[in-house]
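As structure tokens, the structure follows; a few thoughts come after it.
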Amino acid sequence: MRRRLGPLLARTLLVALAVMVIAAALLWWFGVRDALEPSVVAGAVSAQAPQPRQAASVAAGAYLARAGNCKGCHTRRGGADYAGGRAIETPFGVVHSSNLTPDALTGIGAWSAADFWRAMHHGRSRDGRLLVPAFPYANTTRVLREDSDALFAFLMSRAAVEQANPAPALRWPFGTQPALALWRALYFRPVVWRPDAARSPAWNRGAYLVGGLGHCSACHSSRNAWGAEDTERQVGGMVQGWYAPSLLHAGEAGLGDWDERDIVALLRTGVGARASMSGPMAEVVLHGTQYLSNPDLSAVAVYLRSMQTGSPRVTQSSAPLGLESAAGARLYEKHCANCHGDSGEGVSGAYPALAGNRAVLMGDSRNLVQMVLRGGFAPATDGNPRPFGMPPYQVLLSDGDIAAVLTHIRGAWGNSAAALSELDVARHRGGPLR
């Protein structure tokens with residue numbers, strides 16, 4: 001018996017060792033295959049392209065940085081612009097944005113334009129290390145080489161800031177190179193942007209901005225268990241505790257029935273005839289979209305309108321209010337009616353209507369709770385320099401009060417959406433029931 005077990009055990013160990021070697025080889029290949037693929041580099045532009053430093057390239061890069069709202073993520077609160085250090089929470093832990101100033105030690109001062117392109121297109125650092133996909137290289141891979149070079153020229157024209165990046169706090173093994181190589185094997189391939197000949201130039205420009213530097217899907221798409229975008233589901237994503245509604249779903253943020261001018265106005269000023277920006281999107285408008293040219297904003301509007309699937313629908317009903325809304329009606333009259341109107345009609349250009357408001361009727365109520373708890377503030381833009389805001393009520397109202405008033409709003413004036421409980425509010429608040 002022992003004589004039989006000896007060779008059997010040896011064979012088992014050899015098979016296990018072979019499997020481990022093959023697995024290691026596959027992970028290595030998954031990690032380097034895109035960097036070795038000549039067609040990707042050739043299709044984009046030679047990796048030896050010169051580094052543009054002319055004033056025109058710097059100006060073009062400054063515009064592109066705004067189009068991608070690079071400052072928003074790569075600037076910590078109170079810190080120097082583009083010096084990084086902003087904490088970005090993910091389901092797998094916390095990462096910190098990198099320093100994009102030309103400091104040689106802590107920034108990108110020792111980088112070349114080719115190094116920067118490698119990060120944008122392949123998701124690799126200067127030393128070849130795989131980057132964590134919290135940096136949206138699944139989107140920036142679409143950025144053209146000339147735009148990457150212009151963006152690099154702009155960043156290199158800024159003052160160097162010495163600011164070391166905090167180490168990421170990702171749970172093991174998510175930040176390891178083998179895990180990242182496996183993730184990329186499953187969910188990432190570098191692509192070369194090419195316009196769709198069947199579409200208009202405006203649509204193609206909008207698709208390039210929205211899908212590339214704008215990386216809109218990074219927030220407005222749901223994620224699977226491994227953090228990869230799940231674009232097939234018509235639900236949105238999460239960002240900074242807010243729900244980023246789906247740009248595909250007519251009942252969320254789909255814009256198929258919007259007039260192009262209304263979309264442009266919303267992206268330019270942060271307020272529009274049918275919506276206003278708050279939370280993380282207010283930041284996107286503040287640092288980004290308000291500076292885009294009219295042709296580019298129109299192109300984005302054309303593309304966003306085309307993204308919607310299904311016909312617009314608003315959940316409304318003439319059913320009477322439930323008994324649980326009686327207390328909410330009193331709270332609404334006391335705290336909300338002066339601005340939003342007795343019938344939820346709002347004030348044009350100042351306070352949004354609540355009757356028929358998609359943000360009110362969405363199945364995910366987290367944004368409503370965030371607005372009541374922390375207030376809602378549109379961005380101060382050239383087109384709307386003194387925006388009206390909503391004060392926070394997290395000290396004044398209990399979780400039960402907030403649940404009651406939001407239940408009233410979601411069921412009044414023809415609205416018909418599910419009631420909220422005190423537990424719902426507590427869950428979104430992130431604190432205990434009171």
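Looking across Ala378, Ala418, one residue alone is under 16 Å from His340 (Cα atoms), modelled with pLDDT under 95 and of a type in the set (A, V, I, L, M). It is Ala378.
For the structure I just gave you, tell me whether Ala62 is in contact with an Asp or Glu (Cβ under 8 Å, 6 or more places away or on another chain), of a type in the set (A, V, I, L, M, F, W, C) and in a helix (DSSP H, G or I). When the stated conditions are applied, Ala62 does not pass them. Take the residues of region 144-172 that are more than 24 Å from Leu105 (Cβ to Cβ) and at pLDDT below 95: which is nearest to the chain's Cα centre (by Cα)? For region 144-172, the residue satisfying everything is Arg171.
Taken together, Gly256, Gly270, Gly227 contain a single residue that is in contact (Cβ under 8 Å) with a residue 40 or more places away in the chain and buried (at least 22 other Cβ atoms within 10 Å of the Cβ), which is Gly270. Inside region 281-306, residues that are free of Cβ contacts under 8 Å to residues at least 40 places away in the same chain and among the hydrophobic types (A, V, I, L, M, F, W, C) make up a count of 2.
When region 379-400 is filtered for residues that are buried (at least 20 other Cβ atoms within 10 Å of the Cβ) and within 20 Å of Gly328 (Cα to Cα), only Asp399 remains. Being modelled with pLDDT under 95 and surrounded by 15 or more Cβ atoms within 10 Å (Cβ to Cβ) holds for only one residue in Gly109, Gly175, Gly206, Gly123, and it is Gly175.
For Gly376, the test of being within 18 Å of Ala275 (Cβ to Cβ), surrounded by fewer than 19 Cβ atoms within 10 Å (Cβ to Cβ) and either basic (Lys, Arg) or not assigned by TED's automatic domain parsing to the domain that holds Ala282 (or both) is failed.
Checked across region 279-290, the condition of being more than 22 Å from Thr75 (Cβ to Cβ), crowded, with 20+ Cβ neighbours inside 10 Å and modelled with pLDDT of 95 or more holds for no residue.
Selection within region 344-373: residues that are more than 21 Å from Gly400 (Cα to Cα), small (Gly, Ala, Ser) and out of contact with any Leu (no Cβ under 7 Å at 6 or more places or on another chain). The member of this set that is surrounded by the fewest Cβ atoms within 10 Å (Cβ to Cβ) is Ser348.
How about region 310-343: which of its residues are closer than 25 Å to Gly254 by Cα, at pLDDT below 95 and either buried (at least 17 other Cβ atoms within 10 Å of the Cβ) or more than 30 Å from the chain's Cα centre (by Cα) (or both)? Matches in region 310-343: Thr315, Ser317, Ser318. When region 357-373 is filtered for residues that are outside any loop (DSSP other than H, G, I, E, B) and either aliphatic (A, V, I, L, M) or at pLDDT 95 or above (or both), the ones remaining, listed by number, are Ala359, Val360, Leu361, Leu368, Val369, Met371, Val372, Leu373. Residues in region 214-228 that are farther than 17 Å from Asp364 by Cα and more than 11 Å from the chain's Cα centre (by Cα): Asn224, Ala225, Trp226, Gly227, Ala228. Only one entry in Gly375, Gly341, Gly346 is touching a helix residue (DSSP H, G or I) at 6+ places or on another chain (Cβ under 7 Å), of a type outside the set (D, E, K, R) and at positive phi, namely Gly346.
The values are calculated or read from the model by the stated rules, or taken from the named source; none is laboratory data. These figures come from a predicted structure and were not determined experimentally. We place every Cβ from the backbone using ideal geometry, glycine too, and count neighbours over all the protein chains shown.
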